[in-house]
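**Student:** Quick one: the structure is below, questions incoming.
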Amino acid sequence: MDLFVSCAPGLEPLLADEIRQLRLGSPTEVAGGVEMSGGLRSIYRANLELGLAQQVRARLGTFLATTGGELGRKTAKLEFERWIDPGRPLRVSVTSRGSRLAHTGQVAERVRRAIAHRVKGTPPPGRGGAHVHVRLVRDRAQLSIDTSGAPLHRRGYRLDPGPAPLREDLARALVVVSGWGRAGRLVDPMVGSGTVAIEAALMASGRPPGGGRSFEFEHAPCFDPALWARTKAAAGRKEERAEVFGSDRDPDALRRAAANAERAGVTLRLDVASLSEAPGVRATPADGALVTNPPWGERLEGDTSRLYRRLGELVAGLPRSWKAAVAMPAERRAPRPFSSVLVTDARGIKIRLCRRGP
(Lines give C-alpha, C1' and ligand atoms only; values in the text may rest on other atoms or scores of the structure.)
Protein backbone atom coordinates (compact mmCIF):
# COMPACT_ATOMS: atom_id res chain seq x y z
CA MET A 1 0.00 0.00 0.00
CA ASP A 2 1.26 3.49 -0.83
CA LEU A 3 1.32 5.91 2.12
CA PHE A 4 1.80 9.66 2.37
CA VAL A 5 3.03 11.05 5.69
CA SER A 6 2.61 14.81 5.87
CA CYS A 7 4.58 17.28 7.96
CA ALA A 8 5.12 21.00 8.41
CA PRO A 9 6.99 22.61 5.48
CA GLY A 10 10.74 22.36 5.81
CA LEU A 11 10.62 19.31 8.08
CA GLU A 12 10.63 16.74 5.26
CA PRO A 13 14.33 15.72 5.68
CA LEU A 14 13.91 15.41 9.46
CA LEU A 15 10.78 13.29 9.03
CA ALA A 16 12.51 11.04 6.50
CA ASP A 17 15.39 10.54 8.95
CA GLU A 18 12.95 9.73 11.76
CA ILE A 19 11.25 7.08 9.61
CA ARG A 20 14.62 5.51 8.78
CA GLN A 21 15.75 5.54 12.42
CA LEU A 22 12.54 3.78 13.46
CA ARG A 23 12.99 1.27 10.60
CA LEU A 24 9.51 2.09 9.43
CA GLY A 25 10.27 2.01 5.72
CA SER A 26 12.16 3.63 2.87
CA PRO A 27 10.85 7.20 2.64
CA THR A 28 11.00 9.46 -0.39
CA GLU A 29 10.88 13.17 0.35
CA VAL A 30 8.22 15.19 -1.49
CA ALA A 31 6.80 18.65 -0.89
CA GLY A 32 4.82 18.59 2.35
CA GLY A 33 5.95 15.19 3.60
CA VAL A 34 7.28 11.81 2.54
CA GLU A 35 6.01 8.88 0.51
CA MET A 36 6.56 5.28 1.60
CA SER A 37 5.03 1.82 1.32
CA GLY A 38 3.53 -0.32 4.06
CA GLY A 39 0.57 -2.26 5.37
CA LEU A 40 -1.64 -1.92 8.42
CA ARG A 41 1.26 -2.31 10.85
CA SER A 42 3.15 0.50 9.14
CA ILE A 43 0.06 2.71 9.38
CA TYR A 44 -0.34 1.93 13.07
CA ARG A 45 3.34 2.49 13.81
CA ALA A 46 3.57 5.72 11.81
CA ASN A 47 0.64 7.25 13.69
CA LEU A 48 1.88 6.05 17.06
CA GLU A 49 5.64 6.58 16.83
CA LEU A 50 6.33 9.53 14.52
CA GLY A 51 6.84 12.75 16.42
CA LEU A 52 7.40 15.04 13.43
CA ALA A 53 4.42 13.95 11.30
CA GLN A 54 1.07 15.68 10.92
CA GLN A 55 -1.04 13.03 9.19
CA VAL A 56 -0.76 9.54 7.70
CA ARG A 57 -2.80 8.95 4.54
CA ALA A 58 -3.39 5.65 2.78
CA ARG A 59 -3.54 6.14 -0.98
CA LEU A 60 -6.39 4.09 -2.38
CA GLY A 61 -6.05 4.81 -6.09
CA THR A 62 -4.68 7.01 -8.86
CA PHE A 63 -6.31 7.23 -12.29
CA LEU A 64 -7.13 9.47 -15.23
CA ALA A 65 -10.50 11.25 -14.98
CA THR A 66 -11.71 13.90 -17.43
CA THR A 67 -15.47 13.70 -16.77
CA GLY A 68 -17.65 13.36 -13.71
CA GLY A 69 -18.94 10.02 -14.90
CA GLU A 70 -15.45 8.62 -15.32
CA LEU A 71 -14.46 9.89 -11.88
CA GLY A 72 -17.50 8.26 -10.30
CA ARG A 73 -17.04 4.89 -12.02
CA LYS A 74 -13.35 4.61 -11.17
CA THR A 75 -13.86 5.81 -7.59
CA ALA A 76 -16.51 3.13 -7.06
CA LYS A 77 -13.89 0.46 -7.84
CA LEU A 78 -11.70 1.43 -4.87
CA GLU A 79 -11.90 -0.48 -1.58
CA PHE A 80 -13.51 2.19 0.55
CA GLU A 81 -15.47 -0.45 2.47
CA ARG A 82 -12.23 -1.37 4.27
CA TRP A 83 -11.85 2.14 5.64
CA ILE A 84 -15.27 3.79 5.91
CA ASP A 85 -18.09 2.89 8.29
CA PRO A 86 -21.30 4.19 6.67
CA GLY A 87 -22.66 5.07 10.10
CA ARG A 88 -19.91 7.60 10.82
CA PRO A 89 -19.47 11.10 9.31
CA LEU A 90 -17.59 11.49 6.04
CA ARG A 91 -15.73 14.55 4.80
CA VAL A 92 -14.40 14.85 1.23
CA SER A 93 -11.74 17.48 0.49
CA VAL A 94 -10.83 18.32 -3.11
CA THR A 95 -8.02 20.24 -4.77
CA SER A 96 -7.86 20.67 -8.55
CA ARG A 97 -5.05 22.11 -10.65
CA GLY A 98 -4.87 22.11 -14.44
CA SER A 99 -7.78 19.64 -14.75
CA ARG A 100 -11.04 19.65 -16.65
CA LEU A 101 -12.78 18.66 -13.45
CA ALA A 102 -12.25 22.06 -11.88
CA HIS A 103 -15.44 22.48 -9.80
CA THR A 104 -14.36 21.07 -6.44
CA GLY A 105 -17.87 20.96 -5.03
CA GLN A 106 -19.15 18.82 -7.89
CA VAL A 107 -16.11 16.55 -7.65
CA ALA A 108 -16.71 16.05 -3.92
CA GLU A 109 -20.36 15.13 -4.54
CA ARG A 110 -19.41 12.61 -7.26
CA VAL A 111 -16.89 10.99 -4.98
CA ARG A 112 -19.32 10.94 -2.06
CA ARG A 113 -21.97 9.15 -4.18
CA ALA A 114 -19.42 6.61 -5.43
CA ILE A 115 -18.28 5.88 -1.87
CA ALA A 116 -21.89 5.44 -0.72
CA HIS A 117 -22.40 2.89 -3.49
CA ARG A 118 -19.24 1.04 -2.51
CA VAL A 119 -19.91 0.92 1.26
CA LYS A 120 -23.63 0.19 0.77
CA GLY A 121 -24.76 3.11 2.90
CA THR A 122 -24.75 6.89 2.99
CA PRO A 123 -22.31 8.33 5.54
CA PRO A 124 -23.58 11.65 6.90
CA PRO A 125 -21.52 14.71 5.96
CA GLY A 126 -19.42 16.26 8.68
CA ARG A 127 -16.22 16.18 10.67
CA GLY A 128 -15.21 13.74 13.36
CA GLY A 129 -15.17 10.71 11.07
CA ALA A 130 -13.54 9.53 7.86
CA HIS A 131 -11.77 12.11 5.71
CA VAL A 132 -11.13 11.41 2.02
CA HIS A 133 -8.70 13.59 0.07
CA VAL A 134 -9.10 14.01 -3.70
CA ARG A 135 -6.20 15.59 -5.56
CA LEU A 136 -6.63 16.39 -9.26
CA VAL A 137 -3.55 17.45 -11.22
CA ARG A 138 -3.71 17.69 -15.02
CA ASP A 139 -6.73 15.33 -15.16
CA ARG A 140 -5.08 12.71 -12.95
CA ALA A 141 -7.03 11.93 -9.78
CA GLN A 142 -5.41 10.63 -6.62
CA LEU A 143 -7.68 9.50 -3.76
CA SER A 144 -6.45 8.86 -0.25
CA ILE A 145 -7.91 8.52 3.22
CA ASP A 146 -6.68 10.05 6.45
CA THR A 147 -5.87 7.34 9.00
CA SER A 148 -4.92 9.77 11.80
CA GLY A 149 -7.97 11.85 12.64
CA ALA A 150 -6.88 14.88 14.67
CA PRO A 151 -3.45 16.17 13.54
CA LEU A 152 -0.68 14.08 15.05
CA HIS A 153 0.90 17.00 16.90
CA ARG A 154 -2.10 16.89 19.24
CA ARG A 155 -0.60 14.47 21.72
CA GLY A 156 -3.30 15.14 24.31
CA TYR A 157 -1.20 16.62 27.11
CA ARG A 158 -1.32 20.32 26.25
CA LEU A 159 -4.74 21.40 27.50
CA ASP A 160 -3.41 24.78 28.65
CA PRO A 161 -1.01 26.01 25.93
CA GLY A 162 -0.70 29.63 27.02
CA PRO A 163 -0.08 32.50 24.57
CA ALA A 164 1.66 31.80 21.23
CA PRO A 165 3.01 28.32 22.00
CA LEU A 166 5.22 26.32 19.65
CA ARG A 167 3.30 23.34 18.28
CA GLU A 168 4.41 19.93 19.58
CA ASP A 169 5.86 18.68 16.28
CA LEU A 170 7.80 21.92 15.79
CA ALA A 171 9.07 21.81 19.38
CA ARG A 172 10.33 18.28 18.75
CA ALA A 173 11.92 19.39 15.48
CA LEU A 174 13.76 22.12 17.38
CA VAL A 175 15.15 19.52 19.81
CA VAL A 176 16.21 17.33 16.86
CA VAL A 177 17.86 20.30 15.14
CA SER A 178 19.90 21.00 18.28
CA GLY A 179 21.65 17.62 18.03
CA TRP A 180 20.89 16.78 21.67
CA GLY A 181 21.90 13.20 22.45
CA ARG A 182 18.94 12.44 24.79
CA ALA A 183 21.18 11.15 27.57
CA GLY A 184 22.58 14.48 28.75
CA ARG A 185 20.98 17.56 30.27
CA LEU A 186 18.52 19.69 28.31
CA VAL A 187 17.67 23.21 29.42
CA ASP A 188 14.89 25.52 28.25
CA PRO A 189 15.43 28.85 30.06
CA MET A 190 12.24 30.38 28.57
CA VAL A 191 10.05 27.35 29.03
CA GLY A 192 6.62 28.97 28.62
CA SER A 193 3.96 26.24 28.67
CA GLY A 194 6.69 23.60 28.58
CA THR A 195 6.26 22.15 25.09
CA VAL A 196 9.96 22.02 24.15
CA ALA A 197 10.97 20.52 27.50
CA ILE A 198 8.11 18.00 27.48
CA GLU A 199 8.91 16.82 23.94
CA ALA A 200 12.56 16.39 24.96
CA ALA A 201 11.55 14.41 28.04
CA LEU A 202 9.26 12.20 25.94
CA MET A 203 12.09 11.57 23.48
CA ALA A 204 14.41 10.56 26.32
CA SER A 205 11.75 8.33 27.89
CA GLY A 206 11.48 6.20 24.77
CA ARG A 207 7.70 6.42 24.90
CA PRO A 208 5.88 6.92 21.57
CA PRO A 209 4.54 10.45 21.05
CA GLY A 210 1.07 9.15 20.13
CA GLY A 211 0.75 6.89 23.16
CA GLY A 212 -1.79 9.11 24.90
CA ARG A 213 -4.35 9.57 22.11
CA SER A 214 -6.64 7.71 19.71
CA PHE A 215 -6.64 7.57 15.90
CA GLU A 216 -9.20 7.44 13.11
CA PHE A 217 -7.97 4.03 11.89
CA GLU A 218 -9.41 2.52 15.09
CA HIS A 219 -12.89 3.14 13.62
CA ALA A 220 -12.16 1.59 10.22
CA PRO A 221 -13.81 -1.75 9.32
CA CYS A 222 -10.33 -3.15 8.57
CA PHE A 223 -9.05 -2.30 12.06
CA ASP A 224 -7.18 -5.21 13.64
CA PRO A 225 -7.31 -4.87 17.47
CA ALA A 226 -4.83 -7.69 18.06
CA LEU A 227 -2.28 -6.18 15.67
CA TRP A 228 -2.79 -2.77 17.25
CA ALA A 229 -2.20 -4.21 20.73
CA ARG A 230 1.04 -5.87 19.57
CA THR A 231 2.15 -2.66 17.87
CA LYS A 232 1.64 -0.62 21.03
CA ALA A 233 3.38 -3.22 23.17
CA ALA A 234 6.43 -3.18 20.90
CA ALA A 235 6.66 0.62 20.66
CA GLY A 236 8.45 1.27 23.96
CA ARG A 237 12.18 1.73 23.60
CA LYS A 238 15.06 1.84 26.06
CA GLU A 239 14.79 4.80 28.40
CA GLU A 240 17.71 7.23 28.50
CA ARG A 241 18.72 9.02 31.67
CA ALA A 242 18.25 12.71 31.06
CA GLU A 243 17.76 15.80 33.18
CA VAL A 244 15.32 18.25 31.65
CA PHE A 245 15.31 21.73 33.16
CA GLY A 246 12.79 24.47 32.47
CA SER A 247 12.71 27.97 33.86
CA ASP A 248 10.74 31.14 33.20
CA ARG A 249 10.30 34.47 34.91
CA ASP A 250 6.50 34.07 34.71
CA PRO A 251 5.07 31.90 37.54
CA ASP A 252 1.82 31.39 35.59
CA ALA A 253 3.78 29.93 32.68
CA LEU A 254 5.48 27.48 35.04
CA ARG A 255 2.12 26.39 36.45
CA ARG A 256 0.96 25.62 32.90
CA ALA A 257 4.20 23.77 32.16
CA ALA A 258 3.87 21.69 35.33
CA ALA A 259 0.27 20.72 34.53
CA ASN A 260 1.13 19.83 30.94
CA ALA A 261 4.14 17.76 32.05
CA GLU A 262 2.01 15.86 34.54
CA ARG A 263 -0.50 15.00 31.82
CA ALA A 264 2.35 13.91 29.55
CA GLY A 265 3.73 11.67 32.29
CA VAL A 266 7.19 13.24 32.35
CA THR A 267 9.28 14.92 35.03
CA LEU A 268 10.70 18.42 34.54
CA ARG A 269 12.85 20.46 36.93
CA LEU A 270 11.00 23.79 36.88
CA ASP A 271 12.12 27.05 38.49
CA VAL A 272 11.07 30.69 38.44
CA ALA A 273 14.13 32.48 37.08
CA SER A 274 15.21 35.07 34.56
CA LEU A 275 17.18 34.07 31.47
CA SER A 276 20.54 34.95 33.02
CA GLU A 277 19.71 33.10 36.27
CA ALA A 278 18.43 29.86 34.70
CA PRO A 279 19.37 27.04 37.12
CA GLY A 280 19.93 24.53 34.31
CA VAL A 281 23.00 26.36 33.04
CA ARG A 282 24.75 26.52 36.38
CA ALA A 283 27.41 23.92 37.20
CA THR A 284 26.89 22.44 33.76
CA PRO A 285 27.84 18.82 33.10
CA ALA A 286 30.03 17.89 30.15
CA ASP A 287 27.12 17.06 27.85
CA GLY A 288 23.92 18.98 27.38
CA ALA A 289 21.84 21.27 25.23
CA LEU A 290 20.06 24.58 25.57
CA VAL A 291 16.90 24.54 23.44
CA THR A 292 14.32 27.29 23.59
CA ASN A 293 11.55 29.19 21.84
CA PRO A 294 12.04 32.78 23.03
CA PRO A 295 8.96 34.99 23.39
CA TRP A 296 7.87 36.60 20.13
CA GLY A 297 4.63 37.72 18.53
CA GLU A 298 1.86 37.54 21.13
CA ARG A 299 4.26 36.70 23.94
CA LEU A 300 6.46 39.79 23.71
CA GLU A 301 5.97 43.36 22.60
CA GLY A 302 8.63 45.76 21.38
CA ASP A 303 12.20 45.24 20.22
CA THR A 304 13.58 41.75 20.94
CA SER A 305 17.18 42.52 19.95
CA ARG A 306 18.36 42.74 23.57
CA LEU A 307 16.73 39.40 24.42
CA TYR A 308 18.42 37.62 21.52
CA ARG A 309 21.76 39.25 22.36
CA ARG A 310 21.53 38.03 25.95
CA LEU A 311 20.57 34.55 24.74
CA GLY A 312 23.58 34.50 22.40
CA GLU A 313 25.87 35.54 25.24
CA LEU A 314 24.45 32.82 27.48
CA VAL A 315 25.02 30.14 24.85
CA ALA A 316 28.52 31.42 24.05
CA GLY A 317 29.42 30.94 27.71
CA LEU A 318 28.40 27.28 27.74
CA PRO A 319 30.99 24.50 27.30
CA ARG A 320 31.94 23.94 23.67
CA SER A 321 30.57 20.39 23.91
CA TRP A 322 27.06 21.74 24.53
CA LYS A 323 24.46 21.90 21.78
CA ALA A 324 21.96 24.73 21.39
CA ALA A 325 18.94 25.56 19.25
CA VAL A 326 16.47 28.41 19.08
CA ALA A 327 13.24 29.21 17.22
CA MET A 328 12.64 32.74 15.97
CA PRO A 329 10.64 34.68 13.37
CA ALA A 330 12.04 34.02 9.89
CA GLU A 331 12.59 37.71 9.13
CA ARG A 332 15.13 37.96 11.96
CA ARG A 333 18.75 37.04 11.29
CA ALA A 334 20.15 34.29 13.48
CA PRO A 335 22.17 35.89 16.32
CA ARG A 336 25.64 34.68 17.12
CA PRO A 337 26.56 31.90 17.77
CA PHE A 338 23.56 30.43 15.88
CA SER A 339 23.13 29.53 12.22
CA SER A 340 19.86 28.85 10.39
CA VAL A 341 18.95 25.21 9.67
CA LEU A 342 15.44 25.45 8.21
CA VAL A 343 12.39 27.67 7.84
CA THR A 344 8.92 26.32 8.60
CA ASP A 345 5.44 27.59 9.34
CA ALA A 346 3.72 28.10 12.71
CA ARG A 347 0.10 29.28 12.65
CA GLY A 348 0.71 31.06 9.35
CA ILE A 349 3.92 32.72 10.57
CA LYS A 350 7.26 31.76 9.05
CA ILE A 351 9.75 30.74 11.73
CA ARG A 352 13.41 29.86 11.58
CA LEU A 353 14.99 26.96 13.51
CA CYS A 354 18.65 27.65 14.28
CA ARG A 355 21.41 25.77 16.06
CA ARG A 356 24.76 26.60 17.59
CA GLY A 357 27.61 26.65 15.12
CA PRO A 358 27.62 26.05 11.35
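**Student:** Being farther than 27 Å from residue 180 by Cα and either of a type in the set (S, T, N, Q) or surrounded by fewer than 21 Cβ atoms within 10 Å (Cβ to Cβ) (or both) is the filter here, so list the residues in the range 194-219 that pass it.
**Tutor:** Across the range 194-219, the qualifying residues are 214, 218, 219.
**Student:** Continuing with the same structure: Which residue is farthest from the chain's Cα centre (by Cα), if the candidates are limited to the range 190-234 and must be farther than 29 Å from residue 289 by Cα and acidic (Asp, Glu)?
**Tutor:** If we take residues in the range 190-234 being farther than 29 Å from residue 289 by Cα and acidic (Asp, Glu), then 224 is farthest from the chain's Cα centre (by Cα).
**Student:** Anything in the range 56-67 that is in contact with a helix residue (DSSP H, G or I) (Cβ under 9 Å, 6 or more places away or on another chain) and over 14 Å from residue 115 (Cα atoms)? List them, or say none.
**Tutor:** Within the range 56-67, 56, 58, 63, 64, 65 qualify.
**Student:** Where in the range 4-121 are there helices (runs of 4 or more DSSP H), lying fully within it, with 3 or more residues that are closer than 20 Å to residue 220 by Cα and touching a residue at least 24 places away in the same chain (Cβ under 8 Å)?
**Tutor:** 40-49, 104-119
For every residue, the table says whether it meets (1) touching a helix residue (DSSP H, G or I) at 6+ places or on another chain (Cβ under 7 Å); (2) aromatic (Phe, Trp, Tyr); (3) exposed (fewer than 14 other Cβ atoms within 10 Å of the Cβ).
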| position | (1), (2), (3) |
| --- | --- |
| 246 | yes, no, no |
| 252 | no, no, yes |
| 255 | no, no, no |
| 261 | yes, no, no |
| 268 | yes, no, no |
| 273 | yes, no, no |
| 331 | no, no, yes |
| 336 | yes, no, yes |
| 346 | yes, no, no |
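**Student:** Then there's this: Applying the selection to the range 305-329, what residues are buried (at least 17 other Cβ atoms within 10 Å of the Cβ) and not in a helix (DSSP H, G or I)?
**Tutor:** Within the range 305-329, 318, 322, 323, 324, 325, 326, 327, 328 qualify.
**Student:** Please verify whether residue 182 is surrounded by fewer than 18 Cβ atoms within 10 Å (Cβ to Cβ), in the same structural domain as residue 329 (by TED's automatic domain parsing) and either of a type in the set (Lys, Arg) or part of a strand (DSSP E or B) (or both), treating the condition exactly as stated.
**Tutor:** Yes: the conditions hold for residue 182.
**Student:** I'd like the residue in the range 75-95 that is among the small types (Gly, Ala, Ser) and within 13 Å of residue 110 (Cα to Cα) and, out of all such residues, is surrounded by the fewest Cβ atoms within 10 Å (Cβ to Cβ).
**Tutor:** Filtering first and then ranking leaves 93.
**Student:** Looking only at the range 45-58, filter to residues that are within 9 Å of residue 148 (Cα to Cα) and of a type outside the set (A, V, I, L, M); which one of those is surrounded by the most Cβ atoms within 10 Å (Cβ to Cβ)?
**Tutor:** Ranking the candidates gives 47 first.
**Student:** Okay, next question. Tell me the residue from 39, 72, 10 that is out of contact with any Leu (no Cβ under 6 Å at 6 or more places or on another chain), surrounded by 15 or more Cβ atoms within 10 Å (Cβ to Cβ) and small (Gly, Ala, Ser), please.
**Tutor:** Only one candidate passes the filter, namely 72.
**Student:** Same structure, new question: For the range 86-114, what are the residues that are out of contact with any strand residue (DSSP E or B) (no Cβ under 7 Å at 6 or more places or on another chain) and hydrophobic (A, V, I, L, M, F, W, C)?
**Tutor:** 114
**Student:** Moving to a separate point now. Between a first residue in the range 253-271 that is under 11 Å from residue 157 (Cβ atoms) and outside any strand (DSSP E or B) and a second residue that is aromatic (Phe, Trp, Tyr) and at pLDDT below 95, which pairs have beta carbons less than 7 Å apart while being 6 or more apart in sequence or on different chains?
**Tutor:** Pairs found: 260/157; 263/157; 264/157.
The values are calculated or read from the model by the stated rules, or taken from the named source; none is laboratory data. Here the structure is a predicted model, which means the values were calculated and not measured. Virtual Cβ from ideal backbone geometry, glycine too; neighbours counted across all protein chains shown.
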